[in-house]
1. Go through the range 13-35 and give me each residue that's free of Cβ contacts under 8 Å to residues at least 12 places away in the same chain and within 26 Å of Glu98 (Cβ to Cβ).
2. How many residues are among the acidic types (Asp, Glu) and open to solvent by less than 40 Å² (accessible area, probe 1.4 Å) if we restrict to the range 101-143?
3. Using beta carbons and a limit of 8 Å, which pairs, at least six apart or on different chains, have the first residue in the range 106-125 and under 16 Å from Tyr167 (Cβ atoms) and the second one aromatic (Phe, Trp, Tyr)?
Amino acid sequence: MNFSDIKYTDMINGEGIRVSIFVSGCSHMCKGCFNVDTWNKNYGKLFDGYVENEILEYFKRYRNSLKGLSLLGGDPTFSENIDALVSFIKRFRATFPEKDIWIWSGYKWEEIVKDIKLFSLIELCDILVDGKYVEAEKDLTLKWRGSRNQRVIDIKQSLELNRLVKYSD
C-alpha cells in the first residue's frame with residue numbers, strides 16, 4: 001500500500017487532534033474530488049514497517065495530546081489497501097486501545113456490511129464517513145464530510161444495536 005501524506009496534527013478529519021493517513025488507491029473517482037492524485041494506487045510513498053513504527057512512536061510521544069487516528073485517501077477501503085490497514089490497525093489497537101479510529105469510504109454502510117473483506121477493516125474502526133463524494137451535493141458547512149449524501153456513522157453502536165446509528169458529537 002502507498003500513501004500520499006501523513007498529517008501529524010490534524011484537527012479537521014475527526015474530533016480532536018489526530019494523526020491522519022491519506023492512502024493511495026481509489027476506484028470511485030468522484031467528480032470534483034479534492035485528492036485526484038490519490039486515485040492511483042502507486043502514488044506517493046510505500047506504507048511499510050518503518051512508516052508504521054514512526055506513527056506508533058509519535059503516538060507514544062504525544063499520547064496525552066492525541067485523540068486518535070484518521071484513515072482517508074484515496075480510499076482506505078480500496079481492495080488493495082485493506083490487508084495492510086487491517087494489520088496496522090491491529091498493531092495500533094494493541095498499543096493504544098483508548099484511541100479512536102475514523103475511516104472514510106466511498107462505499108455505503110449497507111455495501112460494507114455485506115462484504116467480508118470490507119467489513120474486516122471497518123469493524124476495527126470506531127467512526128465511518130460513508131459514501132462517494134457527490135459534487136452536486138457539496139456542502140462546505142458539513143463537519144467531516146464533503147457532500148450531503150455522506151453519513152457519519154458510529155460503527156460500534158451500529159454493530160451493537162444491529163442498525164445504522166449516526167454519530168453525534
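The values are calculated or read from the model by the stated rules, or taken from the named source; none is laboratory data. All values reported here derive from a predicted model rather than from experimental measurement. Cβ: placed from backbone, ideal geometry, glycine included. Neighbour counts: every protein chain shown. Note: accessible area is taken over every heavy atom of the protein model, side chains too, but ligands, DNA and RNA are not part of it. Shrake-Rupley method; radii C 1.70, N 1.55, O 1.52, S 1.80 Å.
1. Listed by number, the list is empty, since nothing qualifies.
2. Count: 3.
3. Taking only residues 6 or more apart or on different chains, the pairs are Ile112/Phe119; Cys125/Trp102.
Per-residue answers, yes or no, for (1) touching a residue at least 60 places away in the same chain (Cβ under 8 Å); (2) open to solvent by 10 Å² or more (accessible area, probe 1.4 Å); (3) acidic (Asp, Glu):
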{"site": "Ser4", "(1), (2), (3)": "yes, yes, no"}
{"site": "Asp37", "(1), (2), (3)": "no, yes, yes"}
{"site": "Leu46", "(1), (2), (3)": "no, yes, no"}
{"site": "Lys60", "(1), (2), (3)": "no, yes, no"}
{"site": "Asn64", "(1), (2), (3)": "no, yes, no"}
{"site": "Gly68", "(1), (2), (3)": "no, no, no"}
{"site": "Phe78", "(1), (2), (3)": "no, yes, no"}
